[in-house]
Amino acid sequence: MIIDGKALAKEKRAEIAKQVEALKEKGVTPGLAVVLVGEDPASQIYVRNKHKACEEVGIYSRKITLPEETTEEEILKIIDELNNDPEIDGILVQLPLPKHIDPDKVILSISPDKDVDGFHPVNAGRLLTGQDGFFPCTPLAVMELIKSAGVDVSGKEAVVVGRSNIVGKPVSMLLLRENATVTICHSKTKDLADVCRRADILVAAVGRPEMITSDYVKEGAVVIDVGINRVGEKKVVGDVAFDEVKDKAAYITPVPGGVGPMTITMLLYNTLLSAQKRVSK
Ligand code: NAP
Ligand code: LUD
């Protein structure tokens, strides 16, 4: 069975739109600021999609596009202004940033209360210690996709391939919070295929086109493909060799149309959550 991320995203966005409307009736419009530095073509597409998605659900969105040469100091100043801007509930700085800018420093400058990406160490710490906070959108998307298939995570063997701060680690923590037995793999993992074959739930977040072939997958597993890899001129493929794995997996997400659309949906969700917190303050 293919898990349709696009259809799920549409459904969730309709629910979010209703809640945005309810907030607006109380006089509060959720607001998101997206900062894009430089001209990375993929980032431009994602930022445009985020902006469009905000419009679709009634969230105010402000796009701040800065030239490649922008200094760290200038970015920190803009974030400081956004931290203090009452119209803005969420601040997102699209990654990757140009080489001369330290992403950790930029992330640290975002107020944890407006950190809708969930990248700030305070929010990462909250995820790790079981508190409420903002959690990264792609990992939240992965959890929603698994739940949409009616799969109960509790007690299952979950294997995550990749340990980045934006996908691998936080998705592992979300799975652990929901009582999966979690194994985290990376480039130094020995016998990766053997480890992956233990998985009831396999999450691939590597960035290597179609690396996860059917011999990495147990019959009946749930396979979530986070990878976005551009091959050739226009084609986008995941980290999973979809055509051969789909016959072995019980559930699988496609690329495109899987995790991507749900990632943006969870950004809308985090922004709504932030605005709701503003109302209850
Ligand atoms: P990343 O920071 O490059 O991390 C990749 C991880 O994969 C690292 O932990 C690395 O291990 C591991 N790895 C690399 N080669 C490996 C191998 N041969 N065997 C086992 N592990 C290996 O990437 P990321 O930011 O997490 O993104 C991963 C993929 O997801 C990319 O394709 C990205 O475009 C995509 N992505 C999609 C979305 C979405 O919304 N759909 C969101 C974010 C990212 P080491 O730590 O040992 O180097
Ligand atoms: N930076 C992200 N950088 C890149 N795919 C995304 C993404 C939507 N600060 C910050 O949004 O959360 C972030 N926060 N990221 N990403 C990747 C990562 C960031 C990737 C893909 C998509 C967001 C998306 O919509 C579609 C799909 O999979 O169907 C289209 C795929 C395509 O490019 O054709």
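The values are calculated or read from the model by the stated rules, or taken from the named source; none is laboratory data. Just so it is clear, the model here is predicted, and its values are computed rather than measured. Positions of Cβ are backbone-derived with ideal geometry, glycine not excepted, and every protein chain shown enters the neighbour counts. Protein only, heavy atoms only, side chains kept; ligands, DNA and RNA dropped before computing areas. Shrake-Rupley method; radii C 1.70, N 1.55, O 1.52, S 1.80 Å.
Key figures
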{"item": "Principal semi-axes in Å for the chain [√(5λ), Cα gyration tensor, largest first]", "result": "31, 21, 18"}
{"item": "Heavy-atom accessible area order for Phe119, Phe135, largest first, 1.4 Å probe", "result": "Phe119, Phe135"}
{"item": "Å³ per residue enclosed by the Cα convex hull of the range 23-119", "result": "87 Å³"}
{"item": "For the range 56-183, projected area of the alpha-carbon convex hull averaged over all directions, nm²", "result": "9.3 nm²"}
{"item": "Computed P(r) (all Cα pairs; the range 132-281; 10 Å bins; percent)", "result": "12, 42, 33, 10, 3, 0"}
{"item": "In Å², nearest 10: area of Glu25 left accessible to a 1.4 Å probe", "result": "150 Å²"}
{"item": "Accessible area, probe 1.4 Å, largest first, for residues Arg177, Arg230", "result": "Arg230, Arg177"}
{"item": "Average accessible area per residue (Å²) across the chain - probe 1.4 Å, nucleic acids and ligands excluded", "result": "48 Å²"}
{"item": "Carbon/sulfur fraction of accessible area - the chain, other protein chains in place, 1.4 Å, %", "result": "52 percent"}
{"item": "Rg ratio (alpha-carbon, reference 2.2 N^0.38 Å) - the range 110-171", "result": "1.17"}
{"item": "Exposure rank, largest accessible area first [Asp115, Asp132; 1.4 Å]", "result": "Asp132, Asp115"}
{"item": "Radius 12 Å from Cβ of Arg208, net charge of other residues (Lys, Arg +1; Asp, Glu -1)", "result": "-3"}
{"item": "Set of the range 183-224 residues, backbone N closer than 15 Å to the point 7 Å along the Cα-Cβ line of Glu244", "result": "193-194, 197, 209-219"}
{"item": "Neighbourhood charge, 15 Å Cβ-Cβ cut-off, centred on Leu175 and excluding it, Lys, Arg +1 and Asp, Glu -1", "result": "+1"}
{"item": "Extended-chain gain in nm, criterion 0.36 nm per residue less alpha-carbon gap, Glu25 and Thr181", "result": "51.8 nm"}
{"item": "Net +/- balance of residues flanking Pro103 in space, Cβ distance below 14 Å, scoring K and R +1, D and E -1", "result": "-4"}
{"item": "Descending semi-axes in Å of the range 1-57, equivalent ellipsoid built from Cα gyration tensor", "result": "24, 20, 6"}
{"item": "Sequence-distant residues sharing a close amide H with Ile212 (under 5 Å, placed H)", "result": "Val240, Ala241"}
